[in-house]
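Beneath this line is the structure, given in structure tokens, with notes to follow.
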Amino acid sequence: MVDEAQVDKRLKRLERRRSAAPLELGAPGPDAALLRRLLAIALRVPDHGKLEPWRLIVLEGAAKREASERLARLYVSENPEEDDDRRDKQAEKIAGTFAAAPVTIVVVSRADPQARKPEWEQILSAGAVCMNLLTAATLAGFDGVWLTGWPAYNEAAKGVLGIATDERVAGFIHIGTGSEKQKDRPRPDLDEAVTWWQAS
Ligand SMILES: Cc1cc2nc3c(=O)[nH]c(=O)nc-3n(C[C@H](O)[C@H](O)[C@H](O)COP(=O)(O)O)c2cc1C
């Protein structure tokens, strides 16, 4: 029998989920044991052909701070033509975003166009890893946000993170505790986005 109170409690958490402002994500984040559980849940995604067309890179602690500084310096050296002010602001934003949350998980898509299942489905599976991780973090009581941006698309930045040129960043999932003040955004109109198919 369906326990309606239980269902309501579980769904309410997801009905309120919204992304955290990246720079406002702080401690606490998951401890080591809980993080492993969240990562295992993240990988529990539909995967056509069991190809495992993804992998995860965890950034935390001192290594995370170093990555954030190196990415910011790289942004400056990779964009010599940009206006100084704008470039410094962008570099600061990159550094701040990577330094803020207690833990960031890089979801790497390693879809193979030659594999026995369509590349599109492999990419979708990596997206599912991102969302599973965000959902698991939400249910565990944390806040998070899924970002890409310059470090996801710049080959030198990918290199800093140990991501090969034939791999792609599906998302940086930053997890921690956000600000209570964070506002929601207007949500899609269900009746516009959803139709019920009718037999003609
Ligand atoms: C693949 C992907 C990449 C994204 N990259 C960024 C990003 O780089 N910067 C950003 O501000 N939002 C980005 N977003 C949007 C946020 O993750 C988020 O959806 C948005 O802030 C709205 O928040 P919500 O999760 O509360 O709907 C991205 C979303 C997706 C699906």
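Just to be sure I understand: with springs between alpha-carbon atoms less than 10 Å apart, which residue in LEU190, LEU43, LEU14 has the highest mean-square fluctuation in the Gaussian network model of the chain?
LEU190
Give me, ordered by chain and number, the residues 5 or more places off VAL169 or on other chains with an amide H under 5 Å from its own placed amide H.
The list, which skips near neighbours in sequence, is SER109.
Whole Å is fine, so just give me how far the alpha carbon centre of the stretch 76-132 lies from that of the stretch 58-73.
So the separation of the two Cα centres works out to 14 Å.
Under the Karplus relation 6.51 cos²θ - 1.76 cosθ + 1.60, θ = phi - 60°, what is the ordered set of whole-Hz ³J(HN,Hα) values for the stretch 112-126, x standing for Gly and Pro?
Along the stretch 112-126, the couplings run 10, x, 8, 5, 6, 10, x, 4, 3, 5, 5, 5, 4, 5, 5 Hz.
Treating the angle as unsigned and between 0 and 90°, give the value, to the nearest 10°, between the Cα long axis of helix 4-15 and the longest Cα principal axis of the chain.
Helix 4-15 sits at roughly 30 degrees to that axis.
Along its principal axes, what span do the Cα atoms of the chain show, with the longest given first and each in whole Å?
If we take the Cα atoms of the chain, the spans are 60, 46, 39 Å.
Taking every pair of alpha-carbon atoms in the stretch 1-92, what share in percent sits in each 5 Å bin, from 0 to the bin with the longest distance?
2, 9, 10, 13, 16, 15, 13, 10, 6, 3, 2, 1, 0
Which whole-Hz ³J(HN,Hα) couplings does the stretch 16-29 yield from phi under the Karplus relation 6.51 cos²θ - 1.76 cosθ + 1.60, θ = phi - 60°, glycine and proline marked x?
9, 4, 8, 5, 7, 6, x, 6, 9, 7, x, 6, x, x
Using the Kirkwood formula over every pair of different C-alpha atoms, what hydrodynamic radius in Å results for the stretch 156-200?
Numbers: mean 1/r = 0.0630 Å⁻¹.
After inverting the pairwise mean of 1/r, the radius is 15.9 Å.
What longest range of the chain stays clear of loop-exposed chymotrypsin sites (Phe, Trp or Tyr not before Pro) (DSSP non-H/G/I/E/B, at most 16 other C-beta within 10 angstrom)? Before the final figure, lay out each step's value.
On the way: sites that count: TRP196, TRP197.
Answer - 1-195.
With a 10 Å cut-off between alpha carbons and a GNM built on the chain, which of THR97, THR148, THR177 moves the most?
Taking springs between Cα atoms under 10 Å, the residue moving most is THR148.
Where a number appears in this text, it was derived from the coordinates with a stated rule and is not lab data. Quick caveat, the model's predicted, so the values are computed rather than measured. All Cβ positions, even for glycine, are placed from backbone atoms using ideal geometry, and neighbour counts span all protein chains on display.
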